[in-house]
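Enquirer: Take this structure, written in structure tokens, and hold onto it; I'll ask about it next.
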Amino acid sequence: MEIVNSNSPKLIKIYDNEGNLTEQGENYRKLGLSTLSQNKFGVVILSGGQGTRLGCDGPKGLFKICGLTLFEHHIKNIKSKEYSNMIKLFIMTSDNTHEDVVAYFKSNNNFQLDVVFFKQTSLTCTYENDEVIKINDMVLTAPNGNGDIFNSINKIDLHDIYAINVISVDNILAEILNPEFIGAFIEKKLDILSKSVKKLPNENVGIFTLNNGKIEVKEYSEMDNKEDYECEGNICNHLFRTDFIKSMRDKKLPIHKAIKKIPKNIRDQINKPEEVICIKKECFIFDAFLFTEKNMVMSVPRDKEFAPLKNSMTSSSDNPETCTNAYKQKYQKN
């Protein structure tokens, strides 16, 4: 008998045990294809992070797996869609990655796509006693988390875009605007639809849960052992109605604090960037769930949609080798 976490939200399930679409999934797919052929959609790739934890300099999106950068994998996905001409691509960068990312896309003629770049804001880093950290008389800052998207993207013209699919650059298996995802979103008349996978024991991902009947994401650091079973993990793949994104422009999301190692933001140095331990403040994209009742979660197969690149080969999980293996399993089956 399947154990169910009673505090988990009700899921949209469209795959059978073999990973094939159910009849309902096929119906969503038909609706999604019709919608995608008649409406313009946006894709945001969250690309503010550096590759420090991977043991490399520069933006994480430029790290190569199977001969292609992470950006190229996502772009290949987008261009393979029969409705790719209806997709507008947005790249969210940070102070740390913006120049390198824009230069990379420019050198590749934006991969013949309609691309807009926008920068998330940065917040001041402090020591645990709230003292502002300065390096060579410069205040140390860090990107304000993926929740800053609602502030930053609203400075851009989103006219005529029906909805926006937001993904993280480091998930090499991220499925973008797949029709069944769109179809469920339309059928349910949602503001937000998020994807999830069944969480593995001790996996460092947040989980979808209910708080007073509302969906929220609880970060791994906030969980207790009892919650580390039969939970749905957040894979940072969300579909937002554009009108909802616009409504979030002046909303204040909670600020989360965490002790982290942050690069000192010294560019063009030969050696590995020096790091400082500090209090990093950031807001999270899933805190937007607070502002709507019209959101749901769709459970998807891990082997089709989730293989994050978080660590170097010094870690046994979420590293270049695990990503490579997951990619080959999905795309290079005999």
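Please treat every number below as a calculation from the coordinates, not as lab data. Since we're looking at a predicted model, the values are computed, not measured. Note that we place each Cβ from the backbone using ideal geometry, even for glycine, and neighbour counts take in every protein chain shown.
Enquirer: Of the listed peptides 178-184, 322-328, what is their order by residue-averaged count of other C-beta atoms within 10 Å, with the highest listed first?
Expert: Values: 178-184: 23.6, 322-328: 16.9.
The packing order, highest mean first, is 178-184, 322-328.
Enquirer: Oh, and also: Taking amide H atoms as placed 1.01 Å from N in the peptide plane, list the residues 5 or more away in sequence, or in a different chain, whose amide H sits under 5 Å from that of Met298.
Expert: So Met298 has HN proximity to Ile12, Ser194, Lys195, Ser196.
Enquirer: Is the C-alpha gyration tensor of segment 91-250 telling us rounded, prolate or oblate? Criteria: a/c under 1.5 is rounded; beyond that, a/b larger than b/c is prolate, otherwise oblate.
Expert: oblate
Enquirer: First select every other residue whose beta carbon is under 14 angstrom from the beta carbon of Phe291; then total the charges, Lys and Arg +1, Asp and Glu -1.
Expert: Numbers: positive: Lys214, Arg241, Lys246, Arg249, Lys251, Lys252, Lys294; negative: Asp191, Glu216, Asp243, Asp250, Asp287, Glu293.
Once all neighbours under 14 Å are counted, the net charge is +1.
Enquirer: Whose amide H sits under 5 Å from the amide H of Phe117, counting only residues 5 or more places off or on another chain, with H placed in the peptide plane?
Expert: Result for Phe117 returns Ile91.
Enquirer: Per-residue HN-Hα couplings for segment 86-94, Karplus 6.51 cos²θ - 1.76 cosθ + 1.60 at θ = phi - 60°, whole Hz, x for Gly and Pro?
Expert: Per-residue couplings from phi come out as 9, 10, 9, 9, 10, 10, 8, 10, 9 Hz.
Enquirer: Please list, in order along segment 243-255, the HN-Hα scalar couplings obtained from phi with the Karplus expression 6.51 cos²θ - 1.76 cosθ + 1.60 (θ = phi - 60°), rounded to whole Hz, x for Gly and Pro.
Expert: 4, 5, 4, 4, 5, 8, 3, 9, 7, 9, 7, x, 9
Enquirer: Next question. For the chain, what does the relative contact order come out to in percent, with C-alpha contacts under 8 Å and a separation of six or more?
Expert: Contact order relative to length: 24 percent.
Enquirer: Which net charge results for the neighbourhood of Ile255, defined as the other residues with beta-carbon distances under 10 angstrom from its beta-carbon, given Lys and Arg at +1 and Asp and Glu at -1?
Expert: +1
Enquirer: Alpha carbon centre of segment 123-157 versus segment 271-318: separation in Å?
Expert: 18
Enquirer: Can you work out the FRET efficiency for the pair Glu230 and Gln24, with r the C-beta to C-beta distance and R0 = 25 Å, to the nearest 0.05?
Expert: That gives a FRET efficiency of 0.65.
Enquirer: Determine the gain in length on full extension of the stretch Thr324-Glu293; use 0.36 nm per residue of separation and subtract their C-alpha separation, reporting nm with one decimal. Intermediate values should be presented prior to the final figure.
Expert: Values: separation 31, 0.36 × 31 = 11.16 nm, distance 3.80 nm.
Length gained, Thr324 through Glu293: 7.4 nm.
Enquirer: Give the angle, between 0 and 90 degrees and rounded to the nearest 10, that separates the Cα long axis of helix 98-107 from the longest principal axis of the Cα atoms of the chain.
Expert: With both axes taken from Cα atoms, the answer is about 60 degrees.
Enquirer: Collect residues whose amide H, placed 1.01 Å from N in the peptide plane, falls under 5 Å from the amide H of Gly145; neighbours closer than 5 in sequence don't count.
Expert: Cys283
Enquirer: Also, I was wondering about something else. Just to confirm my numbers, what's the Cα centroid distance between segment 85-118 and segment 187-216 in Å?
Expert: Cα centroid to Cα centroid, the span is 29 Å.
Enquirer: Then there's this: Beyond 38 Å, how much of the Cα-Cα pair distribution for the chain remains, as a whole percent?
Expert: Details: 6481 of 55611 pairs.
Result for the distance tail: 12 percent.
Enquirer: Near Ser80, within a Cβ-to-Cβ distance under 14 Å, what is the net charge of the other residues, with Lys and Arg +1 and Asp and Glu -1? If you can, show how the numbers build up before the last one.
Expert: Numbers: positive: Lys76, Lys79, Lys81, Lys330; negative: Glu72, Glu82, Glu175.
Once positives and negatives cancel, what remains is +1.
Enquirer: Here's another thing I want to ask about it. At 7 Å along the Cα-to-beta-carbon direction for both Lys64 and Met223, put a label point, then send me their distance in nm to one decimal.
Expert: 3.5
Enquirer: Moving on to the next point. Report, to the nearest 10°, how far helix 70-79 tilts away from the longest principal axis of the Cα atoms in the chain, using its own Cα long axis and a range of 0 to 90°.
Expert: Helix 70-79 sits at roughly 30 degrees to that axis.
Enquirer: How long are the semi-axes of the ellipsoid equivalent to segment 68-107, from square roots of 5 times the Cα gyration tensor eigenvalues, in whole Å, largest first? Provide the component values of the computation, followed by the final result.
Expert: Details: eigenvalues 94, 26, 14 Å².
In descending order the semi-axes read 22, 11, 8 Å.
Enquirer: Classify segment 281-320 as rounded, prolate or oblate, taking a ≥ b ≥ c as the square roots of the eigenvalues of its Cα gyration tensor: rounded when a/c is under 1.5, otherwise prolate if a/b is larger than b/c and oblate if not.
Expert: Values: a/c = 5.75, a/b = 1.64, b/c = 3.52.
Oblate, because a/c is 1.5 or more while a/b does not exceed b/c.
Enquirer: Spelling out what I want: for every residue of segment 40-54, take phi, set θ = phi - 60°, compute 6.51 cos²θ - 1.76 cosθ + 1.60 (Karplus), and round to whole Hz; glycine and proline get x.
Expert: The phi angles translate into 8, 10, x, 10, 10, 9, 6, 9, x, x, 8, x, 4, 5, 8 Hz.
Enquirer: Based on the mean of other Cβ atoms within 10 Å per residue, sort peptides 195-207, 249-261 so the most packed one is first.
Expert: 195-207, 249-261
Enquirer: Using a ≥ b ≥ c from the Cα gyration tensor of segment 171-259 (square roots of the eigenvalues), is it rounded, prolate or oblate, where a/c under 1.5 gives rounded and otherwise the larger of a/b and b/c decides, a/b for prolate?
Expert: Note, shape of segment 171-259 comes out oblate.
Enquirer: For helix 23-38, report the angle its Cα long axis makes with the longest principal axis of the Cα atoms of the chain; keep it between 0 and 90° and round to the nearest 10°.
Expert: 70
Enquirer: Could you size up the charge dipole of the chain around its Cα centre, putting +1 on the beta carbon of Lys and Arg and -1 on that of Asp and Glu, and report it in debye to the nearest 20?
Expert: On the way: 44 positive and 45 negative charges, 119 e Å.
It comes to approximately 580 debye.
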